[in-house]
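Asker: The following block contains the structure, expressed as structure tokens.
The values are calculated or read from the model by the stated rules, or taken from the named source; none is laboratory data. Remember, predicted model here, so these are calculated numbers, not experimental data. Please note: Cβ atoms are built from the backbone with ideal geometry, for glycine as well, and neighbour counts cover all protein chains shown.
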């Protein structure tokens, strides 16, 4: 083989090796990680706990307590917000201070976000997030967040996965004849499994 041919062959091998072809593998770029993000990412999680609300109905102050809240969601591949579609939310075991039992119909996509230091949790209720109906009068459903999304915030324990959302005011609506208040309160306690935290840097 001539010297010039040997040099040309060597140059070709070096070129192909730099492309990852000579080694039999295609060159791939390292995945880009965007910080901060929820950890573990792209993982199914559950949130269970309780929910309560209060307001005025029939001109009388009332409260409702729900003993069982169950939700499932997937943490995103990146970012700090997990989206929870209504089909994956169940709120049951509800009774109210008017001596009725309540049904809760949820709608839209709820969102759960942690702060960068994993100490604060924010739950975003979509428009028409939940409709509470008491057996006392099924013609007087109370809708929470009737005009636009509403947010409630609380504390988060990154060691236990417990989220505590203290009583906060949320807009409400009901048929005019039901003599209901235009605002109500929402309180909730949830536990996330597996425990979710925020990763801020490598």
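Asker: Would you pick out the residues in segment 84-121 that are in contact with a helix residue (DSSP H, G or I) (Cβ under 7 Å, 6 or more places away or on another chain) and not in a strand (DSSP E or B)?
Answerer: 107, 108
Asker: Oh, and also: Mind checking whether some residue in segment 168-180 is loosely packed, with under 15 Cβ neighbours inside 10 Å, in contact with a strand residue (DSSP E or B) (Cβ under 9 Å, 6 or more places away or on another chain), under 21 Å from residue 61 (Cβ atoms) and in the same structural domain as residue 79 (by TED's automatic domain parsing)?
Answerer: Of segment 168-180, the ones loosely packed, with under 15 Cβ neighbours inside 10 Å are 169, 175-177, 179.
Filter once more, keeping what is in contact with a strand residue (DSSP E or B) (Cβ under 9 Å, 6 or more places away or on another chain): 169, 179.
Filter once more, keeping what is under 21 Å from residue 61 (Cβ atoms): 169, 179.
From what's left, in the same structural domain as residue 79 (by TED's automatic domain parsing): 169, 179.
Yes, that holds for at least one residue.
Asker: Out of all the residues in segment 76-83, is one or more surrounded by 21 or more Cβ atoms within 10 Å (Cβ to Cβ), in contact with a helix residue (DSSP H, G or I) (Cβ under 6 Å, 6 or more places away or on another chain) and in a strand (DSSP E or B)?
Answerer: Within segment 76-83, none of the residues are surrounded by 21 or more Cβ atoms within 10 Å (Cβ to Cβ), in contact with a helix residue (DSSP H, G or I) (Cβ under 6 Å, 6 or more places away or on another chain) and in a strand (DSSP E or B).
Asker: Can I ask one more? So, in segment 150-184, exactly how many residues are within 17 Å of the chain's Cα centre (by Cα) and assigned to a loop (DSSP other than H, G, I, E, B)?
Answerer: 2
Asker: Given the options 123, 98, 114, name the one that is surrounded by 15 or more Cβ atoms within 10 Å (Cβ to Cβ), in contact with a strand residue (DSSP E or B) (Cβ under 9 Å, 6 or more places away or on another chain), within 16 Å of residue 186 (Cβ to Cβ) and in contact (Cβ under 8 Å) with a residue 12 or more places away in the chain. Don't jump to the end; show me each part of the working.
Answerer: Numbers: 98 fails: within 16 Å of residue 186 (Cβ to Cβ); 114 fails: within 16 Å of residue 186 (Cβ to Cβ).
Within the list 123, 98, 114, the selection yields 123.
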